[in-house]
Amino acid sequence: GTFATYALSADGATAEKTESKPVFDPEKDPIFIEGARVGDMLYFVTYSGKLIGLKDSGAAIEKVSETDLVAGVEGGWAPGGYELLGANPAKGVLFLSMHPDAKDGSHKAASKEVWAIELASGKVLARSEAEGLTSLAVTPGATPLVFGTSEEGKLFKFTVGDDFKLTKAGEAGLAGFA
């Protein structure tokens, strides 16, 4: 559960590798390969629903935070999907695809909800119904939009309220917006 950083020599002929201290346990709680960068922080989520914050400003990546997003939440919730998260740097919020009744192997399951998470604290700000999404993308500006795709090839557009709740604002199939 480590990260490696490579520093290229001035001529690009060689590279020096620096490995981080362990930041997660790949046997007990792997991370999803997709992460999000906000400023000088990188964010990853684990299969069980922990949000891990990393800094990569030094020679080695350093773990600076870990928050269990599902602690005390009933229903066996966990992250799921393929591109399951997206961050909005302007608001400091991460949007994450979540599904209930998680079990071993359900890490690619489509969403039942999308959760909005404040990156500074790891607090879940809102939970919005958004069924069937496997990928998310979030715009970076002060008024974020969230886009999601389903396994059936549909594209969904959501607006984000002041309370970070999502409202469905459009849906497109293979033939355009409806």
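Straightening the chain between residue 40 and residue 172 buys 44.0 nm, computed as 0.36 nm per residue apart minus the Cα-Cα spacing. For region 110-149, what does the alpha-carbon gyration tensor say about shape, rounded, prolate or oblate, given a ≥ b ≥ c as the root eigenvalues, a/c under 1.5 as rounded, and a/b over b/c as prolate? Because a/c hits 1.5 or more and a/b fails to exceed b/c, region 110-149 counts as oblate.
For region 6-70, applying the loop criterion from DSSP together with a ceiling of 10 other beta carbons within 10 Å to the trypsin sites (Lys or Arg not before Pro) yields 28. Our coupling estimate for region 158-167, obtained by passing each phi through the Karplus curve with A = 6.51, B = -1.76, C = 1.60 and θ = phi - 60°, is 10, 8, 10, x, 4, 8, 6, 6, 8, 10 Hz, Gly and Pro reported as x. Taking the structure as given and computing Rg/Rh (Cα atoms, Kirkwood Rh), which label from (i) 1.01; (ii) 1.10; (iii) 1.79 fits? Answer label, from the structure shown: (i). Put a dot 7 Å past the Cα of residue 15, heading toward its Cβ, do the same for residue 108, and the two dots end up 2.7 nm apart.
Every read-out reported here was derived from the displayed coordinates using simple, explicitly stated rules and does not represent laboratory data. Here the structure is a predicted model, which means the values were calculated and not measured. So basically every Cβ, Gly included, is an ideal-geometry build from the backbone, and we count neighbours across all protein chains shown.
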